[in-house]
Amino acid sequence: MKKEIKKIAVIFGTRPDTIKMAPIILELKKEKEFFKVITIATAQHRQMLDQVLSVFKINPDYDLNIMQPNQTLATLTKNAIEKLDEVLAKEAPDMVLVQGDTTTTFVGSLAAFYRRIPVGHVEAGLRTNDKANPFPEEINRRLTGSISDIHFAPTDTAKKALLKENISSENVFITGNTVIDALKISMQKNYEYNDGLLNQITAEKKKIVLITMHRRENWGEPMRGACLAIKKLAEKYPNMNFVFPVHLNPIVKEVVHDTLENINNVFLIAPLDYQDFVNLMSKSHLIVTDSGGVQEEGPYFGIPILVLRKVTERPEAVKYGTVKLVGLDEKTIFKTADKLLRNKSEYNKMASSVNPYGDGFAAKRSIQIIKNYFSMSKIKVKEFIPKKRK
Ligand code: UD1
Ligand code: UDP
């Protein structure tokens, strides 16, 4: 076995890729006799990234601080690649790890490729096969996939998608999604929220409908329609609390505040830190979202989720029943949510299901796979298989 320590550069930059990379960073750091870890935050997000870094106590070795208000995809890409290249040139890591499908992910993999550094892609193989949905993520992950040397697929569906693209099965491993590792690290019994308002809201013991929205393809009228559906629901169910942590993107904030401000039982609040968010999620009755990560976390708790998208790259929970794809039509969203809030048996059908996304060991599996890649060890990794909820 080779004993030489390998330098692994981990690149992240937004809220979701950092949450899902955190368990990998924490595991890698434990393996000091095998790895030296270099953490590189593009800071494509600023405040929403800092919230995650503070929850997981990660202090990046490099913070490229590229976020600009209302940034365009092109300026983001240009700034990220220039700065990442400088760091990769200086550090010359043995491997770069990227996660998911953000601009940071794609540019991180491209910068590594230009320096001929092997790339490991965490959460590989998610596909809708529609380049406009989600935009630009479907293309970001495809491009990252074609550059990557190791593919950590969260599910069997993701693995099959990669094999269909002629990626060698030797380089694809079903690890589960690290989002579940992150959840397990962050969930607490009798949790006290950092945001005091949440202590008050949860103490009221009213049912909570949790909402998030941010997707680019939903900006403008689709997002307005979804917000109007939430408004109608809030008016119909004054005995429930509708909690909406609003993404910091000014385009999102404008529509959300314009449609949902000054309704007694609608709480428009700043993005929550991850620990507050997942603990609140565990107490929610229904989730309405266009988020990728939230679609994976909800099934862990068995909470019904209505997904505000035309297609999803996460078909597993739809198949098992916890997630329903409702699209962006105002009437359909209202009708579907209304039925669930009124009809116990409809609700129960969605609420008890399988969690298809992970078992909390995705990071451990991924690290063993990296050791095997460098011939540091030869332990065969048992792939993740979803189990029925007990
Ligand atoms: C990005 C990702 C998307 C991911 C989402 C998670 C891309 C192209 N998009 O979208 O895949 O689902 O993050 O949230 O990679 N802003 C702040 N503070 C922050 C974060 C954002 O003010 O902490 C504002 C800024 O004005 C920024 C804008 O939001 O310019 C957009 O941020 P950006 O990362 O470009 O896109 P997101 O919509 O957040
Ligand atoms: N999240 C959070 N605070 C919030 C809303 C969401 O920490 O106020 C977390 C959530 O638990 C999930 C992740 O952010 O892990 C999802 O991020 P987002 O929806 O921004 O991006 P996506 O997953 O759609 O790429």
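The values are calculated or read from the model by the stated rules, or taken from the named source; none is laboratory data. For clarity, every value in this text was computed on a predicted model and none was experimentally measured. Reconstructed Cβ throughout: ideal geometry from the backbone, glycine too, with neighbour counts over all protein chains shown. Only protein heavy atoms, including side chains, enter the accessible area calculation; ligands, DNA and RNA are left aside. Shrake-Rupley method; radii C 1.70, N 1.55, O 1.52, S 1.80 Å.
Kirkwood Rh over Cα pairs of the stretch 1-140 into Stokes-Einstein at 37 °C, 0.692 mPa s: D in µm²/s?
216 µm²/s
Just how large is the dipole of the chain about the Cα centre, in debye to the nearest 20, putting +1 at every Lys and Arg Cβ and -1 at every Asp and Glu Cβ?
Roughly 1340 debye for the chain.
Starting from the stretch 118-201, pick out the trypsin sites (Lys or Arg not before Pro) whose DSSP state is loop and whose Cβ has at most 16 other Cβ atoms within 10 Å.
Lys131, Lys189
Expressed as a whole percentage, what fraction of the accessible surface of the chain belongs to carbon and sulfur atoms when a 1.4 Å probe is rolled over the protein heavy atoms?
On the way: 8850 of 17040 Å².
Carbon-and-sulfur percentage of accessible area, whole number: 52.
Starting from 0 in steps of 20 Å, tell me what percent of the Cα-Cα pairs of the chain lands in each bin.
29, 59, 12, 0
Can you give the relative contact order of the chain as a percent, counting alpha carbon pairs under 8 Å and 6+ residues apart?
Rounded, it is 16 percent for the chain.
For the stretch 300-359, what is one quarter of the convex hull surface built on the Cα atoms, given in nm²?
Across all orientations, the stretch 300-359 yields a mean hull projection of 4.0 nm².
Once you order the gyration tensor axes a ≥ b ≥ c over the Cα atoms, which shape class does the stretch 185-337 get: rounded for a/c under 1.5, otherwise prolate or oblate by comparing a/b with b/c?
Taking the square roots of the gyration eigenvalues as a ≥ b ≥ c, the stretch 185-337 is rounded.
Find the centroid of the Cα atoms in the stretch 325-390 and in the stretch 229-251, then give the distance between the two in whole Å.
What the calculation gives is 25 Å, centre to centre.
On full extension of the chain, what length is gained from Lys3 through Glu170, given 0.36 nm per residue of separation minus the C-alpha to C-alpha distance?
Contour length minus Cα-Cα distance gives 57.8 nm.
Across the stretch 150-225, how large is the tail of the calculated P(r) beyond 18 Å, expressed as a percent of all Cα pairs?
68 percent
Counting each DSSP H run of 4 or more residues in the chain as -39500 (n - 2.57), what helix-only mean residue ellipticity at 222 nm follows after dividing by all residues, to the nearest 500 deg cm²/dmol?
After summing the helix terms and dividing by residue count, I get -14000 deg cm²/dmol.
I want to make sure I understand the PRE zone here: with the label point 7 angstrom from the Cα of Thr332 toward its beta carbon, which residues in the stretch 269-311 have backbone N atoms less than 11 Å away?
Zone members listed by number: 307-311.
So which GluC sites (Glu not before Pro) in the stretch 133-192 pass both tests, a DSSP loop state and at most 16 other Cβ atoms within 10 Å of the Cβ? Walk me through the intermediate numbers first.
Values: sites: Glu137, Glu138, Glu165, Glu170, Glu192; in loops: Glu165, Glu192.
Loop-located and lightly packed - Glu165, Glu192.
Give me the base-10 log of I(q)/I(0) for the stretch 250-390 at each q in 0.15, 0.20, 0.21 Å⁻¹, Debye formula, one uniform scatterer per Cα, rounded to two decimals.
-0.87, -1.30, -1.38
Any idea how far apart Lys236 and Ser54 come out in nm if each label point goes 7 Å out from Cα toward Cβ?
Result for the modelled spin labels: 3.9 nm.
Quick one: Cα centre-to-centre distance for the stretch 1-42 and the stretch 259-286, in angstrom?
Here the two parts' Cα centres lie 31 Å apart.
Quick check: residue separation of Lys380 and Asn262 times 0.36 nm, minus the Cα distance between them. What number comes out in nm?
On the way: separation 118, 0.36 × 118 = 42.48 nm, distance 5.66 nm.
So the extension gain works out to 36.8 nm.
Taking a ≥ b ≥ c as the square roots of the eigenvalues of the Cα gyration tensor of the stretch 1-70, is the shape rounded (a/c under 1.5), prolate (a/b larger than b/c) or oblate?
prolate
So what is the accessible area of the stretch 1-116 per residue, in Å², with the probe set to 1.4 Å? Don't skip to the answer; put the middle values down first.
On the way: 5130 Å² over 116 residues.
So the stretch 1-116 comes to 44 Å² accessible per residue, rounded to a whole number.
Step through the residues of the stretch 90-99 one at a time and calculate ³J(HN,Hα) from phi using the Karplus curve (6.51 cos²θ - 1.76 cosθ + 1.60, θ = phi - 60°), rounding each to whole Hz and writing x for Gly and Pro.
6, 8, 6, x, 7, 7, 10, 10, 10, 10
Within the stretch 71-139, which chymotrypsin sites (Phe, Trp or Tyr not before Pro) sit in a loop by DSSP and count at most 10 neighbouring Cβ atoms inside 10 Å? Don't skip to the answer; put the middle values down first.
On the way: sites: Phe106, Phe113, Tyr114; in loops: none.
Sites meeting the loop and neighbour criteria: none at all.
Return the FRET efficiency for the residue pair Lys29, Leu163: r is the Cβ-Cβ distance, R0 is 30 Å, and the value is rounded to the nearest 0.05.
Plugging the Cβ-Cβ distance into 1/(1 + (r/R0)^6) gives 0.40.
Relative to the present Cα-Cα distance, how much length would full extension add between Asn194 and Glu86 at 0.36 nm per residue of separation?
So the extension gain works out to 35.2 nm.
Compute the distance in nm between two label points, each set 7 Å from the Cα along the Cα-to-Cβ direction, one at Lys344 and one at Asn129.
Using points 7 Å along Cα→Cβ, the separation is 4.2 nm.
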